[in-house]
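Written out below as structure tokens is the structure these notes cover.
The values are calculated or read from the model by the stated rules, or taken from the named source; none is laboratory data. Just so it is clear, the model here is predicted, and its values are computed rather than measured. All Cβ positions, even for glycine, are placed from backbone atoms using ideal geometry, and neighbour counts span all protein chains on display.
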Amino acid sequence: MPLYPTCSEKEGFEDLSVRFLHTADLQIGKGFGQLPSEISVVLRNARLETLKKIAVLARERRVDAVLVAGDCFDDIAVGDETLRRFKVALEPFGGTWVLLPGNHDPATAESPWSRLKRLTLPDNVIVADEPIPIALGDKAMILPAPLKRRRDAADLTEWFDTAETDDHLIRIGLAHGSVREFLPEASEAANPVAMDRDIRARLDYLALGDWHGKLQVTDRTWYAGTPEPDRFRANEPGYILNVAIEAPGAKPTIEPVAVAEYRWMEQTRDIMPGGTDDVSQGLDIPAAELSRLIVRLELQGTIDLSTHAALDEDLGDLRARVQYLEVDDAGLVVEPTEDDLDMIDTTGFVRTGMERLREQLNGPDAETARRALALLYGLHHQTGG
Amino acid sequence: MLFRRIAIRNFRKHLSPVVIDELGEGVTVIAGDNEEGKSTLLDAIRTGLFERQNLGGKAADTMQPFGSTVRPEVRIDFEVDGSLYSITKGFIQKASARLTTPAGTFEGAAAEERLAELLTFRLSQRGESKPDDRGILGLFWLEQGRVLDGLGLGETGRSTLRGSLEDEVGNVLGGTRGRKLLEAARAQRDALLTSTGRPRGDLSAANDEAEKATARALELEAERAEYDQEIDHLTQVRRDLAQISHDRVLEKAEEALSKAESEARSIELLIQRHEAAEQAVALTKAQLDNAADHSDRRQALIQAVEGRERDLIDKRDAHTRLSDEAGPIADRQQAAEIEMMAKTEARETAETRVVVAQGRSRIESLDKQIAELHRKISEIEKLASQRKADQDRIAQIAIDQRGYEKLQTLESDIRAAKAALGAVATRVRFAPIGGQRVKRNGVELTTGETVQVTDRSHFELDGFGEIDIEPGTSELADRRARLKKAEDALDKGLTAVGMADIAAAKIQLEQRTSLDAQVKEAKRLIDALAPEGAEALATVLGEQKAERSRLSDTTSALMLADTADPETESRVLTAAKDAEKEARTALDLAQKEHQEHVIQLTVAVTALEAAAEAVTTAKADLQKARDYASDTELTTKLESAKDALTKAQNTHAESTKRLNAANPEEVELRRERAQSTLATVDAERRQLREEQIGLQSRLTALGKNGISELLEEARGRETRTLARRDRLQRDAAAWNRLVSTLVDAERDAKEAFLEPVLKRVDPFLRLLFPDARVTLNEETLEITGVVRGGREEPYPLLSIGTREQLSILVRLAFAVYLREKGFPAAVILDDALVYADDDRFERMQLALRKAAETVQVLILTCRPRDWREFGAPIRRLGDGKTKKFEPLQ
């Protein structure tokens, strides 16, 4: 069975155990197009920085290898510049990198992998784009299950069961997909991985990618999750797994290490009339860390115009403190009260106008009327009312 | 407010007192000539009300009569809400102010302040009062010329009026703050929308940006799709190349071609042999055809001779047959000609018989007519003769109708004369006894009868004797003479006509009448028998006799006896004509048959000659051919050619069989297929390789820039720009809604605010401008214009007269309104209506009268005659000079 060239044994690493970092779903080149361009640039760069951070960590921890279980890239059509920067980010770690094509970056006829190869990769970087075992020194054998298209109905890890390796070698599976009957249903649509693959294939460890949160499937099967969060989903992203396996058959030791640059947070807030004080307090984040926060607040409730104005103020304040604040106020109903209107004017045609707008709040185009009232309220304040 | 009395002393022009008192409600006209001090009076009222007692300087100096140093004084008595007030002010020297009110008397500054409060004006802080300070009283103080500048409400007046309006309708206007908000909102809206509601500024830019972003995203999506397709394509190309290599398609095709080519070479030899056999068959076939051709031609010549001979016989037979037919055909023609002649003759005879029959028939008819004519002529002659006799007899009768009537008249005269005589005659009646007779002048009288005695008469009475009676009346003689004359005239008349008496004359007259009738009847009968006269009858008779004689000669000449009637003879003629026609047809047919036969015979002769010629020619041709080659030689040649062909055909059949067994077509097909496969596979492989290279380089180029990153960025940008556009659109809609709502509210507010005042203005306006509506500025309450026929005309553009009148009308309305609201209002006009024409002037007077129902109106004028018909009391300024000033004590 042909083997890929392996990296040379590192100095000072004498024992039979194997240690590696398990990560996945870096999705380098992810655009974050939905966010303002200045934020998206920051978040795009953050993913490369985190990769660098991983490389540095690998060097510091003197691990045998870094296994990336799929989706190094966000898409097969990332640009050359992204590929080059990716290559540079790997440099701090001179040990073995095993990179597995995932559903975002499958090994198609033309892919980031074929292009990386054309750019000339260093020897320590192995693209596992064929289902062929990869020797990790003489201590372990890595069995990769690369994706050659975005969605595959077959379980590509099946071949692990029959892959022959020397008994003294630690068997490590590397795959990208959904563990059947384990992940939420929507995640299982394609690229299935059998739940008991580790047992059936006598794997000492099965390094998985695709699920963006850190997640243990079995004693030997783990999702590392993405090291840099990329969405508002509280499923423990932002870690890599530092894995140590003492000998074939030994239970692996898993140490999650937080590496994320930014934290994504989504909260729903009920806003009461007059109560806007806790807009930033409710985040419960030390002030120093606020600047690394991407926040999404979903506001709901019914408030008056003055509360609305105060809320705008508070949100403006919070926006200045965090990296990015997204507010969804679709659930927030602004109902002008008598006091709101009195504050603008108690008599005269303006008051008449306000009353007329208020009457429209039950009509077919209530939103425009509501907004008109809020604008008037703002105008009232701006013009020194 | 009601001015009751105005008194001044030592005031400018008026050194001596002027007092206008007993001023009443409604209108009072104060008349004064020019220079008489009307305006001075007005100034005095103004000074007395509004100026401080301690007013100094130039303003105070002007109060002094020219060249004097006195104490100008003003006293005004007035009522407010039914209570009497009086203010007296003295200026310059011993300046003082004193106000008496129902609540007590006030002096000095207190009096002035109290007055200002009462009449809602503002005391000037320094110096002379300004028009603005004078409050609503100033508003209704209409001085010459000033009215044109609009209302000039002043702050105090405006505030009073606005206060009153706000009391009534509430604070509907938003004031400066409201307008500021509206303007700010409008600015915001206008930053996003044009006046027609089209996007502009940020909104327009956001629209463009969103559009561009969408277009860019679409473009990149298309690029991305192309990229994916190219990858799929590349995958396919590689798979195909691998397949070609794996299946050894090219090698297999080469082998198949080699085998097919070897087989094709052996078949080539078979084909050459087969072609040689084919040529041999063709050659021998040609030789056979040649021999057969010669033989056929010989046979044709022989058959030609035989044919010509048969034809000659046929032609001869035909000629003989035609010659035989000639006799009977000529006979038939002759018989038809004879028949034709017979029929023609019969027809001619029938025609003659018709002529004769018709002539005889005519003669018979003429005979009858002639006899009738004779009868008529004889009758006429008889009638004429009778008529002549009657006429002769008439000639012999002397009496006629007139003569007779004349006799009757004479007879009537006699009767009249007799009656006259009788009337004077002596009447005698005899009554003898026992049948004894009486005779008069010898003539016996009928007894018992009365006898008239007109002359001397002699009576003999039987048994008695005689009596002579002589009537003695003197008239008797005349009447007797008249009778005699009448009798003589009758006798004479009778004699003239030869009649004995009138009865005979009557008989004669009747005879005459009867004869006249006979003569007339004879004339009528003659006319009936000969309407055109007897001569005409004679002429006709002559003509008919001549015709008869002619016809008789003609028919006799034809010498035909026993003809039937013309109709019968005509029918015979028709039958004869039909028979003749039939005979003609038969003759025509016979002639035609004869002519045709002649032609046929001629043709048959010619054909017979030609057939004989043809036989001769054919025989000559045959002999000439036989001289060249005999019939036997030709037969031998033909047989040997047939044998040669049979041999060649056998050889060809053999080669065909061999060739078919080798199936060259299949071999060729296989070879072609192998060649084609090889070429196709080779081309395909080359093409796939080229495609692979092309795809690879395209993908490299496409992938360089990172389509996915660009696309995600573009999609993000599209989402963001669309969101921004939507937000701005919502904002624009909201600003628009806000502005339109506020504008509507403001408009409604203005209308509501001014409504109470405009309601009062309208009745005044209608008096002068029936279809107009005045517009006011809701802030300044100044007139802004007039709306007429839906069009607004700005106040400054109106004519001077209209401006003056409008200004006065609106003031009057304001005065009425404020008076109704309990404010002290009175209107003073100082020669104000200078620009009104007669019609307008009169209407303005109506308006003043209307206003005077609510407020007091004082009119100062130098033209009292203009107001004479107005019906208001006219007070002359001069009259006021006789009264005392009477300062307040």
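If the condition is being within 14 Å of chain A (Cβ to nearest Cβ), buried (at least 20 other Cβ atoms within 10 Å of the Cβ) and more than 21 Å from A:L341 (Cβ to Cβ), then region B:748-777 contributes only B:L754. Restricted to region B:691-709, and to residues that are aliphatic (A, V, I, L, M) and more than 14 Å from B:R224 (Cβ to Cβ), which residue is farthest from the other protein chains (Cβ to nearest Cβ)? The qualifying residue farthest from the other protein chains (Cβ to nearest Cβ) is B:I693. In region B:549-574, the residues that are under 15 Å from B:R347 (Cα atoms) form Cβ pairs under 9 Å with partners that are at pLDDT below 85 and part of a loop (DSSP other than H, G, I, E, B), at six or more places apart or across chains, as follows: B:E569/B:T563; B:V572/B:A564.
Evaluate the following for B:G57: is it buried (at least 16 other Cβ atoms within 10 Å of the Cβ), over 26 Å from B:R819 (Cα atoms) and in contact (Cβ under 8 Å) with a residue 12 or more places away in the chain? No, not satisfied. Taking region A:31-74 as the range and being closer than 20 Å to A:Y223 by Cα and at the interface with chain B (Cβ under 10 Å from one of its Cβ atoms) as the test, the residues that pass are A:F73, A:D74. Taking the criterion of being more than 23 Å from B:G472 (Cα to Cα) and of a type outside the set (K, R), the residues of region B:426-460 that qualify are B:A431, B:P432, B:I433, B:G434, B:G435, B:Q436, B:E444, B:T446, B:T447, B:G448. Of all residues in region B:197-211, one or more are polar (S, T, N, Q) and either closer than 30 Å to B:H652 by Cα or in contact with a strand residue (DSSP E or B) (Cβ under 8 Å, 6 or more places away or on another chain) (or both).
Against the conditions (1) surrounded by fewer than 17 Cβ atoms within 10 Å (Cβ to Cβ); (2) farther than 23 Å from A:Q382 by Cβ, A:W264 satisfies every one except (1). Against the list (1) at pLDDT 90 or above; (2) surrounded by fewer than 20 Cβ atoms within 10 Å (Cβ to Cβ); (3) of a type in the set (A, V, I, L, M, F, W, C), the condition A:L16 fails is (1). Residues of region A:310-327 include none that is within 8 Å of chain B (Cβ to nearest Cβ) and among the basic types (K, R).
Comparison of B:A264, B:A213, B:A225 shows that the only residue that is crowded, with 18+ Cβ neighbours inside 10 Å and in a helix (DSSP H, G or I) is B:A213. Of everything in region B:90-104, what is of a type in the set (D, E, K, R) and on the phi > 0 side of the Ramachandran plot? Give them in sequence order. The answer is B:K94, and nothing else.
The rows are residues; the columns are (1) within 14 Å of chain B (Cβ to nearest Cβ); (2) under 25 Å from the mean Cα position of the chain (by Cα); (3) crowded, with 22+ Cβ neighbours inside 10 Å.
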{"residue": "A:S111", "(1), (2), (3)": "yes, yes, yes"}
{"residue": "A:P122", "(1), (2), (3)": "no, no, no"}
{"residue": "A:P131", "(1), (2), (3)": "no, no, no"}
{"residue": "A:I142", "(1), (2), (3)": "no, no, yes"}
{"residue": "A:A145", "(1), (2), (3)": "no, yes, yes"}
{"residue": "A:R150", "(1), (2), (3)": "yes, yes, no"}
{"residue": "A:T157", "(1), (2), (3)": "no, yes, yes"}
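Determine whether A:D138 is part of a loop (DSSP other than H, G, I, E, B), more than 26 Å from the chain's Cα centre (by Cα), more than 14 Å from chain B (Cβ to nearest Cβ) and under 23 Å from A:K251 (Cβ atoms). Yes, satisfied.
For the structure I just gave you, tell me whether B:I526 is in a helix (DSSP H, G or I) and without any contact (Cβ under 8 Å) to a residue 60 or more places away in the chain. For B:I526, the condition - in a helix (DSSP H, G or I) and without any contact (Cβ under 8 Å) to a residue 60 or more places away in the chain - is not met.
For A:L208, indicate whether it is within 21 Å of the chain's Cα centre (by Cα) and either outside the structural domain of A:T226 (by TED's automatic domain parsing) or not acidic (D, E) (or both). Considered against the rule, which asks whether it is within 21 Å of the chain's Cα centre (by Cα) and either outside the structural domain of A:T226 (by TED's automatic domain parsing) or not acidic (D, E) (or both), A:L208 comes out as yes. Out of contact with any His (no Cβ under 8 Å at 6 or more places or on another chain) and either assigned to a helix (DSSP H, G or I) or outside the structural domain of A:Y239 (by TED's automatic domain parsing) (or both), is that true of A:L35? No. Total residues in region A:331-360 satisfying the condition of being out of contact with any strand residue (DSSP E or B) (no Cβ under 8 Å at 6 or more places or on another chain) and either within 12 Å of chain B (Cβ to nearest Cβ) or among the small types (G, A, S) (or both): the figure is 17. Of the residues that make up region B:645-656, is at least one within 29 Å of A:D75 (Cβ to Cβ) and either at pLDDT 90 or above or more than 10 Å from chain A (Cβ to nearest Cβ) (or both)? Within region B:645-656 (the criterion being within 29 Å of A:D75 (Cβ to Cβ) and either at pLDDT 90 or above or more than 10 Å from chain A (Cβ to nearest Cβ) (or both)), the answer is no, since none of the residues qualifies.
When restricted to residues that are under 25 Å from B:E166 (Cα atoms) and either more than 7 Å from chain A (Cβ to nearest Cβ) or touching a strand residue (DSSP E or B) at 6+ places or on another chain (Cβ under 7 Å) (or both), region B:719-747 contains 5.
The set of residues in region B:177-207 that are outside any helix (DSSP H, G or I) and without any contact (Cβ under 8 Å) to a residue 12 or more places away in the chain comprises B:T194, B:S195, B:T196, B:R198, B:R200. Go through A:P122, A:P144, A:P131 for me and flag whichever is within 28 Å of B:G703 (Cβ to Cβ), in a loop (DSSP other than H, G, I, E, B) and in contact with a Pro (Cβ under 7 Å, 6 or more places away or on another chain). It is A:P131.
Give the residue that is modelled with the lowest pLDDT, with candidates limited to residues of region A:263-291 that are of a type outside the set (A, V, I, L, M, F, W, C) and in contact with a strand residue (DSSP E or B) (Cβ under 6 Å, 6 or more places away or on another chain). Per the criteria, the residue is A:P273. Criterion applied to B:E582, B:E613, B:E596 was being surrounded by 13 or more Cβ atoms within 10 Å (Cβ to Cβ), more than 60 Å from the chain's Cα centre (by Cα) and farther than 19 Å from B:R362 by Cβ, and the one residue passing it is B:E582. On the stretch given as region B:686-725, residues that are closer than 21 Å to A:E110 by Cβ and touching a residue at least 24 places away in the same chain (Cβ under 8 Å) total 14. Quick check on my filter: what residues within region A:183-196 are touching an Asp or Glu at 6+ places or on another chain (Cβ under 8 Å) and either in a loop (DSSP other than H, G, I, E, B) or in contact (Cβ under 8 Å) with a residue 24 or more places away in the chain (or both)? Those that are touching an Asp or Glu at 6+ places or on another chain (Cβ under 8 Å) and either in a loop (DSSP other than H, G, I, E, B) or in contact (Cβ under 8 Å) with a residue 24 or more places away in the chain (or both): A:S187, A:A190, A:N191, A:P192, A:V193, A:A194, A:M195. If you go through region B:850-871 and keep only what is basic (K, R) and either assigned to a helix (DSSP H, G or I) or at pLDDT 85 or above (or both), you end up with B:K850, B:R865, B:R868.
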